[in-house]
Every structure is written in C-alpha cells, then in structure tokens.
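> One structure coming up, written as structure tokens, with questions to follow.
Each value in this text was obtained by applying a stated rule to the coordinates, not by laboratory testing. Because the structure is a prediction, the values reported are computed rather than measured. Neighbour counts run over all protein chains shown; Cβ positions are idealised from the backbone, glycine included.
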Amino acid sequence: MGAVEVQQLVKDYGRGIVALRGVSLEVEAGQIYGLLGPNGAGKTTLIKILLGIVHKTAGNAQLLGRPAGDVQVRYRVGYLPEDHQFPGYHSAWSLLDFYGQLYGLSRKERQRRIPPVLEMVGLLPRSRTKIRTYSKGMKQRLGVAQALLHEPEVIFLDEPTDGVDPLGRREIREIMARLRQQGRTIFLNSHLLGEVELICDRVAILRQGELLREGTVHELTRQQGCYEIGLASGEQLPLELVQRLGYAVRPLPLPPTPPGAPPLPPRWEILLQDGQTIDPLLQFLAQQQLHLRHLVERRISLEDVFIGMQAQGAPQS
C-alpha cells in the first residue's frame, strides 16, 4: 500500500470551476514525488484534500492507509504551505516551541528536537533572533524546520526553495535526500523544474485539473527512438552503409577542445523509424569490426517535457 493513494479524484467548486478532473496517482513510501503544473492546475487543491483542509467532490484519497483528513493521520504528516507567514515577533526557537506544543510534544521533547532541526536547516546560530529580521530564504528554511519538527512520515512541501539562494537550494535538496534515506515520503510542489529533475523519484504533470503524464524522471525525459553513438579512437561510422540499413544518421557537433588536450572522438545521432530497434545496427558494427565505445539514449530536459505537455495537452500515459 502506498503512502499516498488517489483514485479518480474530482473537486468541483461549482460555477464552472473544476480544480481536479479524475486524477489518479500513487506515491510509495520513501519516495520523493514531484507535482508539476502551472498556476490553477490543481496542485494545491490536491494537497489540501489529502490534508483534509478541502473536501473532495468524488473519488477516493488515502494517506498512510487512512481516508484523507483522518485526524490521527495528521499527526504523522508535515506541511509547508506556499507563501506561509510567521509572526515577526517570534524567534525561530520560540516559533518551533509554539508549533511543538500544537503537535502535542512535551517541553522536554521540544527542547530535544528544536536544536537539531534548526541546525539541519542552517538556522541554529540565528535561533534567538526575531523572524522580522530574516530574509525570505531564511523564512523558507524555518518553514521546512516546522514541517519536520514532529518527525512526520509524510512531508508535503509547497515551493520549499522559493526565494532561497543556490547554496540554500542545494542544502534543502540534501535534507530531502537524507529524509528519503530515513524512509520518509516527500510530496513536492515546485516550479523550479531543474530542482525536481535533480531530486524526485517520480513526477506527475497536471494541466487544468487533469493528469497529463506520470512516471520516473528517466521515463519522462527519455527521447524515444534517438541514440547517440561513438566508436573507438580513429574509427569512422560508414554513413552510407548505415543509411542503406534504413537508419537516419547525422554527425553531432563536438564542443571545443581545450588547448593541449587530445581531440574528442566523433559522435553520431541515430534516429529510429517506426518499428525499428537499435540492435541490427549494433550487429552491423560488430560485423564491420568497429568497436562501440559510446551508446546512450538521448534525453530531453524535464522543462522541455513540461512545456510540451502544457502546450499540447497530451493525453495521460
């Protein structure tokens, strides 16, 4: 059973406003799951239904094996909302102490947990400073800290790196990776597609409440039917013979060679036609006593996939 299970989920606010249109997905325990989509795609509505903040119109939603919104499950979940606002008169320490009381933690337990979680997000040296003096990046780090304070099993992070500098974003990614190693599940909303591509195990793309694509980052960014190959030093691909086999092939431009460095070996792009596989070409190269040294299936960026899905409204796969 997954940590998060959603089946044919619908949310209709009335007056023609439908936020979710039959969304189904599953998040396994210990995964970092990325949810992508433009403003109004239904991402925040989906999270709020799972947390019990918003009621669904139809379908099923479960969190840790219990119906979404179950009171007992909420104690096992952490949540960092987008555009959160913390009272400026609090310090990081006093704010986490307040949240710890809301979570039902004893004073002794709060004192035990606050220092390491503040150290994890890099705020321990400023723990007694008023929040009103914090930068936006520091406030984001504090938001992550409050979501982790009660050691939840599932953590919902809505734009956790918004306003954080590159070093801070890297540190937050490292925190998420550490939590994954501990078996925690992270449900991540982010518009920074590069961040999602670096950290997420699986990704879902929403548009106007519909699930367009879902899969691993590798599955979504794989450019099917396109390979890059390279041969041993000094060997050349017999282009005419390869073309006679029915393959579309073209030499790839190579980056400039640094002064004093040996020249880079040539590379070629192989485009497969419908029904073709790469295997006959590999057999042909072996028959020609050519030595394959490089073979990769070409990839596109997650940003390319996302923009393409939004523009085309591609069907769910």
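> Find which of Gly246, Pro38, Ile278 sits farthest along the positive direction of the dipole of the chain, computed with +1 on the beta-carbon of Lys and Arg, -1 on that of Asp and Glu, about the Cα centre.
Pro38
> Calculated FRET efficiency, Arg250 and Lys108, Cβ-Cβ r, R0 51 Å, to nearest 0.05?
Efficiency, from the Cβ-Cβ distance: 0.15.
> With +1 on each Lys and Arg Cβ and -1 on each Asp and Glu Cβ, how big is the dipole of the chain about its Cα centre, in debye rounded to the nearest 20? Walk me through the intermediate numbers first.
On the way: 37 positive and 33 negative charges, 287 e Å.
Roughly 1380 debye for the chain.
> Report Rg (one decimal) and Dmax (nearest whole number) for region 233-290, counting Cα atoms only, units Å.
Both quantities, over Cα of region 233-290: 13.6, 44 Å.
> Now a separate question. Which values of log₁₀ I(q)/I(0), to two decimal places, follow from the Debye formula for region 168-285 at q = 0.10, 0.13 Å⁻¹ with a uniform point scatterer at every Cα?
Relative scattering, expressed as log10 I(q)/I(0), comes to -0.57, -0.81.
> Now, a different point. Loop only per DSSP, at most 16 neighbouring Cβ atoms within 10 Å: give me the trypsin sites (Lys or Arg not before Pro) in region 36-90, ordered by residue number.
Of the trypsin sites (Lys or Arg not before Pro), the ones in loops of region 36-90 whose Cβ has at most 16 other Cβ atoms within 10 Å are Arg76.
> For the chain, take the alpha-carbon Rg, divide it by the Kirkwood Rh, and send me Rg/Rh.
Answer for the chain: 1.09.
> Tell me the label-point distance for the pair Leu198, Gln72, using the 7 Å Cα-to-Cβ offset, in nm and rounded to one decimal.
Computed distance between label sites Leu198 and Gln72 equals 4.0 nm.
> Okay, next question. Let's test the formula: R0 of 41 Å, r as the Cβ-Cβ distance of Glu240 and Ser301. What FRET efficiency results, to the nearest 0.05?
On the way: r = 33 Å, r/R0 = 0.81.
Efficiency at R0 = 41 Å is approximately 0.80.
> Which far-off residues, 5 or more places away or on another chain, put their amide H under 5 Å from the one on Arg299, with H placed in the peptide plane?
Sorted by chain and number, the residues that satisfy this are Gln223.
> Still on this structure, I have one more. Given a 10 angstrom Cα cut-off, can you work out which residue in Leu252, Leu192, Leu211 is the most mobile in a GNM of the chain?
Leu252
> Another question, then. Take every Cα-Cα distance within region 1-68, group them into 10 Å bins from 0 onward, and report for each bin the whole-number percent of pairs it holds.
21, 56, 20, 2
> So, in Å, what gap is there between the alpha-carbon centers of region 207-221 and region 1-31?
Centre-to-centre distance over Cα atoms comes out at 14 Å.
> Of the residues Phe156, Phe284, Phe86, which exhibits the maximal mean-square fluctuation in a Gaussian network model of the chain defined by a 10 Å Cα contact cut-off?
Ranking Phe156, Phe284, Phe86 by mean-square fluctuation puts Phe284 first.
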